[in-house]
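One structure is given below, encoded as structure tokens.
The values are calculated or read from the model by the stated rules, or taken from the named source; none is laboratory data. Values in this document were obtained by computation on a predicted structure and should not be read as measured data. Every residue, glycine among them, receives a Cβ derived from its backbone with ideal geometry; neighbour counts consider all protein chains shown.
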Amino acid sequence: MEHHNLTEDERELASLVRQFAEQVVAPAAYEADRTKTLPLDVVAQMGEMGMFGLPFPEEYGGQGGDLFALCLAIEGLARVDQSIAITLEAGVSLGAMPIFRFGTEAQKQELLPTLLAGEHLAGFGLTEPEAGSDAGATRTTARLESGEWIVNGSKQFITNSGTDITRFVTVTAVTGDADGRKEISTIIVPNGTPGFTVEPGYDKVGWHASDTHPLTFVNARVPEANLLGDRGRGFANFLHILDEGRIAIAALSTGAAEGCLEAAVDYAKQRTVFGSALATRQNAQFMLARMQARVHTARLAWHYAARLRDAGKPFKTEAAIAKITASDAAMDNARDATQIFGGNGFMNEYPVARHFRDSKILEIGEGTTEVQLLVVARALGVA
């Protein structure tokens with residue numbers, strides 16, 4: 001389905017990513033999902049194409065683009081493989097973006113070039129067994145002693161944290177108390193730091209090729225200079241990053257919804273039922289029409305939020321609305337596409353089956369639907 005109101009550069013990017021997705025990503029997707037392995041050769045090609053550097057300035061090795069450009073790429077990848085799309089989304093939004101936004105010049109110069117080239121990945125450790133949206137429940141601690149942070153605690157569901165090319169994770173940790181409240185800061189912990197263990201990956205419902213691990217810290221020591229941003233601003237800074245990430249997840253969701261639509265339309269045209277194509281049946285036509293409407297609405301929602309953000313205007317509420325709308329579209333379209341495919345939709349060799357498993361997390365990750373609804377309710381002045 002066509003994007004509207006794109007610049008010539010944006011249209012070219014969307015076309016380039018679509019071609020890459022069909023020729024490189026899609027053929028590898030089934031086996032990557034089956035073996036639960038992130039195909040690093042595909043990630044390397046994405047890096048060579050400049051995808052990981054899209055929204056960053058050229059001085060750090062970026063492409064000089066914006067969030068909208070990144071989201072176009074994420075949407076295009078998610079059409080065929082959500083695991084690859086989230087690897088890009090998290091690699092940029094959660095890996096490189098915190099360094100770019102809040103890092104010192106020295107940290108940017110040291111860490112950004114290889115991240116933006118796709119040569120390294122990085123993770124962001126926010127969620128804990130007892131804490132996610134509830135920052136006050138954070139239990140991981142970082143104590144400053146003799147010029148070093150000593151980190152203790154655990155994190156869970158951390159994307160891109162355990163690959164062969166993962167360079168570091170940035171973690172939120174309690175670094176003290178301020179007026180009776182926990183002072184939360186962010187600390188950069190390089191992979192391989194003694195006392196930092198990347199635990200075995202999860203057995204997930206979906207996103208099988210995406211790298212996700214629990215992390216454990218037992219007296220993991222890093223230099224004092226590994227503080228990212230101002231002390232005590234860790235959670236506040238991350239919430240800002242999360243708002244942008246919600247637009248990116250909305251774009252990913254839109255791509256997934258469109259992938260389901262396209263597969264369902266093709267199948268309905270080819271599948272013969274009682275002597276005629278399934279697509280000639282009005283119930284199938286109406287189902288496909290609703291799927292199209294969801295894709296269209298989801299795309300409008302993330303486009304609007306991304307344009308606001310790139311124009312420097314407030315976008316928090318619009319980002320929440322985009323994520324609600326698009327994640328619903330992905331989940332609903334995955335269900336309907338599976339129904340169109342019938343028994344074949346229950347077979348993992350068909351991409352709609354993978355979308356059916358993958359899409360549920362879109363209503364949970366980077367802020368649940370319920371959290372988004374709360375954001376919108378607060379904007380209405382009723383929460």
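Within the range 30-71, the only residue that satisfies the criterion of being among the hydroxyl-bearing types (Ser, Thr, Tyr) and assigned to a loop (DSSP other than H, G, I, E, B) is 37.
Listed residues 227, 239, 261; which is out of contact with any helix residue (DSSP H, G or I) (no Cβ under 8 Å at 6 or more places or on another chain) and modelled with pLDDT of 95 or more?
On the way: 239 fails: modelled with pLDDT of 95 or more; 261 fails: out of contact with any helix residue (DSSP H, G or I) (no Cβ under 8 Å at 6 or more places or on another chain).
Of 227, 239, 261, the one residue that is out of contact with any helix residue (DSSP H, G or I) (no Cβ under 8 Å at 6 or more places or on another chain) and modelled with pLDDT of 95 or more is 227.
Just one of 137, 106 is assigned by TED's automatic domain parsing to the domain that holds residue 209 and either without any contact (Cβ under 8 Å) to a residue 24 or more places away in the chain or more than 20 Å from the chain's Cα centre (by Cα) (or both); which is it? Show your work before the answer.
Details: 106 fails: assigned by TED's automatic domain parsing to the domain that holds residue 209.
Sole residue among the options that is assigned by TED's automatic domain parsing to the domain that holds residue 209 and either without any contact (Cβ under 8 Å) to a residue 24 or more places away in the chain or more than 20 Å from the chain's Cα centre (by Cα) (or both): 137.
Which condition breaks for residue 161 when tested against (1) buried (at least 19 other Cβ atoms within 10 Å of the Cβ); (2) touching a strand residue (DSSP E or B) at 6+ places or on another chain (Cβ under 6 Å); (3) outside any loop (DSSP other than H, G, I, E, B)? Going through the list (1) buried (at least 19 other Cβ atoms within 10 Å of the Cβ); (2) touching a strand residue (DSSP E or B) at 6+ places or on another chain (Cβ under 6 Å); (3) outside any loop (DSSP other than H, G, I, E, B), residue 161 breaks only (3). Determine whether the range 212-227 contains at least one residue that is within 30 Å of residue 36 (Cβ to Cβ), of a type in the set (Gly, Ala, Ser) and outside the structural domain of residue 336 (by TED's automatic domain parsing). Within the range 212-227, one or more residues are within 30 Å of residue 36 (Cβ to Cβ), of a type in the set (Gly, Ala, Ser) and outside the structural domain of residue 336 (by TED's automatic domain parsing). If you go through the range 363-376 one residue at a time, do you hit one that is of a type in the set (A, V, I, L, M), touching a Phe, Trp or Tyr at 6+ places or on another chain (Cβ under 8 Å) and in contact (Cβ under 8 Å) with a residue 24 or more places away in the chain? No, that holds for no residue.
Under the condition of being at pLDDT 95 or above, under 17 Å from residue 169 (Cβ atoms) and aliphatic (A, V, I, L, M), the residues counted in the range 97-130 number 7.
Within the range 211-237, the set of residues being assigned to a strand (DSSP E or B) and within 25 Å of the chain's Cα centre (by Cα) comprises 212, 213, 214, 215, 216, 217, 227, 228.
Determine if the range 265-276 includes at least one residue that is touching an Asp or Glu at 6+ places or on another chain (Cβ under 8 Å), crowded, with 17+ Cβ neighbours inside 10 Å and part of a helix (DSSP H, G or I). Among the residues of the range 265-276, not one is touching an Asp or Glu at 6+ places or on another chain (Cβ under 8 Å), crowded, with 17+ Cβ neighbours inside 10 Å and part of a helix (DSSP H, G or I), which makes the answer no. Listed conditions (1) among the small types (Gly, Ala, Ser); (2) within 25 Å of residue 98 (Cα to Cα); (3) assigned to a helix (DSSP H, G or I); (4) over 17 Å from the mean Cα position of the chain (by Cα) are all met by residue 245, apart from (4). The set of residues in the range 355-375 being aliphatic (A, V, I, L, M) and surrounded by fewer than 23 Cβ atoms within 10 Å (Cβ to Cβ) consists of 361, 364, 371, 373, 374, 375.
When the criteria are applied in full, residue 352 fails the requirement of being in the same structural domain as residue 260 (by TED's automatic domain parsing), aliphatic (A, V, I, L, M), surrounded by fewer than 19 Cβ atoms within 10 Å (Cβ to Cβ) and over 28 Å from residue 65 (Cα atoms).
Test of understanding: among 47, 76, 53, 62, which residue is more than 17 Å from the chain's Cα centre (by Cα), over 26 Å from residue 155 (Cα atoms), modelled with pLDDT of 95 or more and crowded, with 20+ Cβ neighbours inside 10 Å? Explain how you work it out, then say what you get.
Working: 47 fails: more than 17 Å from the chain's Cα centre (by Cα); 76 fails: more than 17 Å from the chain's Cα centre (by Cα); 53 fails: more than 17 Å from the chain's Cα centre (by Cα).
On inspection, the qualifying residue turns out to be 62.
Scanning the range 105-128 for residues that are among the small types (Gly, Ala, Ser), surrounded by fewer than 21 Cβ atoms within 10 Å (Cβ to Cβ) and more than 16 Å from residue 41 (Cα to Cα) turns up just one, 106. Taken over the range 146-158, residues that are under 18 Å from residue 366 (Cα atoms) and in a loop (DSSP other than H, G, I, E, B) amount to 0.
Checking the structure you have, find out if any residue of the range 274-289 is under 19 Å from residue 361 (Cβ atoms) and assigned by TED's automatic domain parsing to the domain that holds residue 343.
Step one: list which residues in the range 274-289 are under 19 Å from residue 361 (Cβ atoms), which gives none.
So far as the range 274-289 goes, no, none of its residues is under 19 Å from residue 361 (Cβ atoms) and assigned by TED's automatic domain parsing to the domain that holds residue 343.
When residues in the range 356-383 are screened for being of a type in the set (Asp, Glu) and not in a helix (DSSP H, G or I), 1 of them pass.
Yes or no, residue by residue, for (1) surrounded by fewer than 22 Cβ atoms within 10 Å (Cβ to Cβ); (2) touching a residue at least 40 places away in the same chain (Cβ under 8 Å); (3) among the small types (Gly, Ala, Ser):
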site: 142; (1), (2), (3): no, yes, yes
site: 173; (1), (2), (3): no, yes, yes
site: 176; (1), (2), (3): yes, yes, yes
site: 179; (1), (2), (3): yes, no, no
site: 195; (1), (2), (3): yes, yes, yes
